[in-house]
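The values are calculated or read from the model by the stated rules, or taken from the named source; none is laboratory data. Small disclaimer: the values here were computed from a predicted structure and weren't measured. Positions of Cβ are generated from backbone atoms using ideal geometry, with glycine treated the same way; all protein chains shown enter the neighbour counts.
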Amino acid sequence: MENLKGKIALVTGGNSGIGYATAKELKAQGAEVIITGRRQEAIHAAAQELGVTGLLADQGSVVAIEQLAKAVKEKFGRIDILFINAGIVGGASIETATEETFDQVVNINYKGAYFTLSRFIPLLPEGASVVFLSSNTANMNGANSSIYSSTKSALNSVMRIAALELAPCMIRVNAVSPGPTQTEILNKLGLDQATREGLDDWMIGQIPLKKIGTADDVAKMVAYLCGDAASFITGAEIIMDGGMSL
């Protein structure tokens, strides 16, 4: 069903994982899709596979975000759907945290996401939809997760305030907070097969529904929030973690 036909969508960090799956879903529902990424080769390959526009942009740089907004304005004129998805995982105990790790995670996950919204607001027409990718860890308290979790908690706060500020323009702002999700990030942890399977078993043991989510699950929720069926939803955080945070 082409529920999003005629809409222009931007997905940051769209060359892999949840971003890639969401770009694919938005396109399947009729949207014209733009994806961004930090690596030229990866973003080009993903754009070719998906049949979408790929633009190089580093969400950790406000200058790059501003250049991206300028390029999108010149080529497309507007953005009806903005999925602020790009982010990284990183952390340590509070005692052992380094400034380098702190700055890297905060610059991409929080500062970059904040200014992506800020700089793209002028391109959002009445009826546009913004979705942040947050995390269920924003509402949980796990050891060694203070940096990552705090960036997601901050995003949720920005999301709610943005929903208020943009409501007069009929622009909706929401967040999706997945729990454990099968993406390439898990494969890049450098674990051997037995350890990786053990990690999956541990995560499943923490989830009442006894399964790990998929990128497609999140993609469908993002697409739903951007469609007419969700026209009365704004300022909401949708937690998708199989009951893990209960």
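One table, with the values for the structure above:
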read-out: Where ALA138 falls short, out of the listed (1) touching a Lys or Arg at 6+ places or on another chain (Cβ under 7 Å); (2) modelled with pLDDT of 95 or more; value: (2)
read-out: Filter result for ALA163 (under 24 Å from TYR20 (Cβ atoms) and either buried (at least 18 other Cβ atoms within 10 Å of the Cβ) or at pLDDT 95 or above (or both)); value: no
read-out: ALA113 in a helix (DSSP H, G or I) and in contact with a strand residue (DSSP E or B) (Cβ under 6 Å, 6 or more places away or on another chain); value: yes
read-out: Residues satisfying the stated conditions in the stretch 149-169, i.e. of a type in the set (Gly, Ala, Ser) and touching a residue at least 60 places away in the same chain (Cβ under 8 Å); value: ALA163, ALA167
read-out: Single unsatisfied condition, ALA92 versus (1) under 18 Å from the mean Cα position of the chain (by Cα); (2) at pLDDT below 95; value: (1)
read-out: Enumeration of residues in the stretch 217-246 that are over 19 Å from ALA9 (Cα atoms), in a loop (DSSP other than H, G, I, E, B) and not hydrophobic (A, V, I, L, M, F, W, C); value: GLY235, ASP241, GLY242, GLY243, SER245
read-out: Selection within the stretch 58-71 - crowded, with 22+ Cβ neighbours inside 10 Å and modelled with pLDDT of 95 or more; value: ILE65, LEU68
read-out: Residue satisfying condition, being of a type outside the set (Ser, Thr, Tyr) and outside any helix (DSSP H, G or I), within set PRO168, PRO125; value: PRO125
read-out: Verdict on PHE115 being within 18 Å of the chain's Cα centre (by Cα) and without any contact (Cβ under 8 Å) to a residue 60 or more places away in the chain; value: yes
read-out: Residue within the stretch 30-37 that is over 22 Å from ASN3 (Cβ atoms), surrounded by fewer than 23 Cβ atoms within 10 Å (Cβ to Cβ) and among the charged types (D, E, K, R) present; value: no
